[in-house]
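Undergrad: Sending over a structure as structure tokens; questions will come in a sec.
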Amino acid sequence: MARVYNFSAGPSMLPQAVLEQAQSELLDFQGSGMSVMEMSHRGRYFSEIAQALEQDLRDIMRIPTNYRMLFLQGGASAQFSFIPQNLLGEKTTACYVNTGAWSQKAMQDAQHYCEVVVSASAEEMNFTCIPHSSLWHIDPNAAYLHYTSNETIHGVEFNAVPDAQGLPLVCDMSSNILSRHIDVADFGLIYAGSQKNMGPAGVTLVIVREDLLGKCANTVPALFNYSEQVKNQSMLNTPNTYSWYLMGLVLKWVQAQGGIEALEQRNIAKAATLYEAIDASSLYHNPVDKTCRSRMNVPFVLVDETLDSLFLKEAQANGLQELKGHRMVGGMRASIYNAMPESGIEALIHFMQEFERTH
Ligand SMILES: *Cc1c(COP(=O)(O)O)cnc(C)c1O
């Protein structure tokens, strides 16, 4: 069976080389006589997988030594409540920037633990822009400032790291981690689910600056307590071993591609070609302000929405799958993470142009 171009927002495409390696090692991982899925997470083979995962990520993202990495479960969604529980300490407020559906979810969960100060909101603009950071209201007594660097549903992405005015900066990078250079030292905490740019679903990466640890109340379950997880190398309970392994393979693939900087150049080019095609057409439209269009998730509507279902059907027949937009925004969405090859973008544009010409 031929593989399709899968534009799903997540779980999303994995590099074919990663799947092939996993396939070749499925029954017998490096002479162990067993699958990674069957191994003890405390055994020799898996310990090596875990160490390489952490070291490769540290190298690829140039994570400074005063930051710790956690590989947890529960998705980025679980972090929405773990973050306030771990970072508030004696503080009673936290600042949130509301740029779309994912920031809103983070805010909703945080409200159970603290007063949420909305530092800025793009809601009135239907989340098509990012309010300029000079207009943000930042409470100097807040425990942290939270933002979502790429709004997966609305297709809005920050092009620069905002100024948190001295507060620890907390960022949900679920859908653009490893896609562009960032300086980890600008952040207090970074978190991201694995299923967009790092592997299959099932691992949540948390990168946290050491001085922010140790503030969690002891009524919080140990599994949700960052300090406890740090002490136990994220193995307080059995981790999602197979997803750790696959994430490790994706990191090796990232290195083989030339690292984040090389991928970023490709991502810039891929996104630019697709947006140019959309802007040049009279059938397709992207409503997001050009200064903050996402390189990872490209939503677009058909000006004549009665053509939506035909578009999806014909796209599918052409090997272009999962283009249906999120129900909140409608229309279409092409998610073009690191693993989407240039040929997938070309095939999509070619299809879109043909569809416009014939309808
Ligand atoms: C997908 C996504 C989430 C939710 O991830 P889960 O792993 O399903 O909890 C959160 N934030 C952003 C920005 C996302 O793209």
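Undergrad: Name the single residue that is surrounded by the fewest Cβ atoms within 10 Å (Cβ to Cβ) among those in the stretch 88-117 being within 12 Å of the ligand (Cβ to nearest atom) and in a loop (DSSP other than H, G, I, E, B).
TA: GLY100
Undergrad: Among the residues of the stretch 68-84, is any in the same structural domain as ASP183 (by TED's automatic domain parsing), under 22 Å from the mean Cα position of the chain (by Cα) and β-branched (Val, Ile, Thr)?
TA: yes
Undergrad: Here's another thing I want to ask about it. Among the numbered conditions (1) over 24 Å from HIS181 (Cα atoms); (2) assigned to a loop (DSSP other than H, G, I, E, B), tell me where LEU312 comes up short.
TA: (2)
Undergrad: Could you please find all residues in the stretch 152-172 being assigned to a loop (DSSP other than H, G, I, E, B), in contact with a strand residue (DSSP E or B) (Cβ under 8 Å, 6 or more places away or on another chain) and within 20 Å of GLU123 (Cα to Cα)?
TA: Of everything in the stretch 152-172, those that are assigned to a loop (DSSP other than H, G, I, E, B), in contact with a strand residue (DSSP E or B) (Cβ under 8 Å, 6 or more places away or on another chain) and within 20 Å of GLU123 (Cα to Cα) turn out to be THR152, ILE153, HIS154, GLY155, PHE158, PRO162.
Undergrad: Of all the residues that make up the stretch 313-340, how many are without any contact (Cβ under 8 Å) to a residue 60 or more places away in the chain, buried (at least 16 other Cβ atoms within 10 Å of the Cβ) and within 20 Å of THR152 (Cα to Cα)?
TA: Residues that pass the stated criteria total 4.
Undergrad: Still on this model: May I ask you to say which residue of VAL161, VAL170, VAL203, VAL230 is over 30 Å from LEU19 (Cβ atoms), surrounded by 24 or more Cβ atoms within 10 Å (Cβ to Cβ) and at pLDDT 95 or above?
TA: That would be VAL170, the only listed residue that is over 30 Å from LEU19 (Cβ atoms), surrounded by 24 or more Cβ atoms within 10 Å (Cβ to Cβ) and at pLDDT 95 or above.
Undergrad: Something else about it: Kindly check whether there is at least one residue in the stretch 293-304 that is assigned to a helix (DSSP H, G or I) and basic (Lys, Arg).
TA: No.
Undergrad: Given ILE130, ILE138, ILE153, which one is within 12 Å of the ligand (Cβ to nearest atom) and assigned by TED's automatic domain parsing to the domain that holds GLY193?
TA: ILE153
Undergrad: Can you pull out every residue in the stretch 62-87 that is more than 16 Å from the ligand (Cβ to nearest atom), more than 14 Å from GLY248 (Cβ to Cβ), buried (at least 16 other Cβ atoms within 10 Å of the Cβ) and not polar (S, T, N, Q)?
TA: If the condition is that a residue be more than 16 Å from the ligand (Cβ to nearest atom), more than 14 Å from GLY248 (Cβ to Cβ), buried (at least 16 other Cβ atoms within 10 Å of the Cβ) and not polar (S, T, N, Q), then ILE63, TYR67, ARG68, LEU87 are the ones that fit.
Residue-by-condition table, conditions (1) among the β-branched types (Val, Ile, Thr); (2) closer than 21 Å to ILE138 by Cα:
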| site | (1), (2) |
| --- | --- |
| ASN150 | no, yes |
| ILE153 | yes, no |
| GLU157 | no, yes |
| ALA164 | no, yes |
| VAL170 | yes, yes |
| ASP186 | no, yes |
| ILE190 | yes, yes |
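Undergrad: Could you list, in sequence order, the residues of the stretch 293-308 that are within 28 Å of the chain's Cα centre (by Cα) and surrounded by fewer than 21 Cβ atoms within 10 Å (Cβ to Cβ)?
TA: Matches in the stretch 293-308: VAL301, ASP308.
The values are calculated or read from the model by the stated rules, or taken from the named source; none is laboratory data. None of these values were measured; they are calculated from a predicted model. Quick reminder, even Gly has a Cβ in these numbers, built from the backbone with ideal geometry, and neighbours come from all protein chains shown.
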